[in-house]
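Take a look at the structure below.
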């Protein structure tokens, strides 16, 4: 990968909200700007459940990585749209279970790059790298990731909450298919995105898209989210609300559904 010290830096625009920074605020983080906090609070005014979606999505990511690094035995992760570091980042979970795990993060927010270089430090036995790139350019991502990942060995492709930022006109399924085509048999796809199952959530996102100036987000039906896994073998329980993907036992029973659906699938 290019030396971060010599790589040109994109300017951080603090006048326009960015999804990674909004999500950081919803998760209780401090790596955001007033415009991000204002946008997040406006969303919460319309749809207080957005905070639950943020938390439950993060919990699912942790459980997914535990499954992939544990039961599935995956040692390589390509996490696109990683967002700002919080707790239980992909490399932390994977390398706790398998210190030799290699993780490549991808995001297009230059603020994420700044924090990634300082905070996304992995184990000596493994590797943790960062690419500043956009999910809409899969070939550039694959080319850069090949400096850290061995594409002759299985890789877990993580697309957690990112494909909703790719409009239907930009053909999001073709992007997923291009990325998965580059990965060998034995690889996995882990993906979730906001779903259209809650009218209040859909209305909040509509208002966000109209007013924020940020990249619009597109909630999709669970069936359309499931279509990203076409041609792959879904792992039980299939495509479900993120809160119900292999939830950990607790005294309160199965968590309530939220308007965000996802799953994990195996490339045979």
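Some notes on this structure:
- Taking 7 Å steps out from each Cα toward its Cβ at residue 71 and residue 38 produces label points 4.6 nm apart.
- Full-extension gain in nm, residue 223 to residue 168, via 0.36 nm per residue minus C-alpha separation: 18.3 nm
- MRE, 222 nm, helices only [DSSP H, n ≥ 4, -39500 (n - 2.57), over the chain, to nearest 500]: -10500 deg cm²/dmol
- Annotation: extensible slack from residue 46 through residue 16 equals 8.8 nm (criterion: 0.36 nm per residue apart, minus Cα-Cα distance).
- If both residues of a DSSP beta bridge must be in the chain, then about 35% of such bridges are antiparallel.
- Taking other Cβ atoms within 10 Å as a rough exposure proxy, 115, 266, 91 sort from fewest to most as 266, 115, 91.
- Rg to Rh, two decimals, where the chain supplies the alpha carbon set and Rh follows Kirkwood: 0.93
- If the convex hull is drawn through the Cα atoms of segment 96-159, its volume per residue in Å³: 96 Å³
- Inter-part distance where segment 222-268 and segment 171-197 are each reduced to a Cα centre, Å: 14 Å
- Among 145, 181, 54, residue whose mean-square fluctuation peaks in a GNM of the chain (springs only between Cα atoms under 10 Å): 181
- Fluctuation leader among 27, 189, 78 - the chain, Gaussian network, Cα springs under 10 angstrom: 27
- FRET efficiency, residue 151 to residue 215 (Cβ-Cβ, R0 41 Å, nearest 0.05): 0.90
- Rounded to 0.05, the FRET efficiency of the residue 203 and residue 268 pair, given R0 = 41 Å and the Cβ-Cβ distance, is 0.55.
- Within a Gaussian network of the chain (alpha carbon springs, distance under 10 Å), most fluctuating of 108, 250, 88: 250
- Length gained on full extension, residue 248 to residue 178: 21.9 nm, using 0.36 nm per residue less the C-alpha separation.
Throughout, read-outs are computed from the coordinates displayed, never taken from laboratory work. Note that the structure is a prediction, hence the values are computed from the model and not measured. Ideal geometry is used to build each Cβ from the backbone, glycine not excepted, and the neighbour counts take in all protein chains shown.
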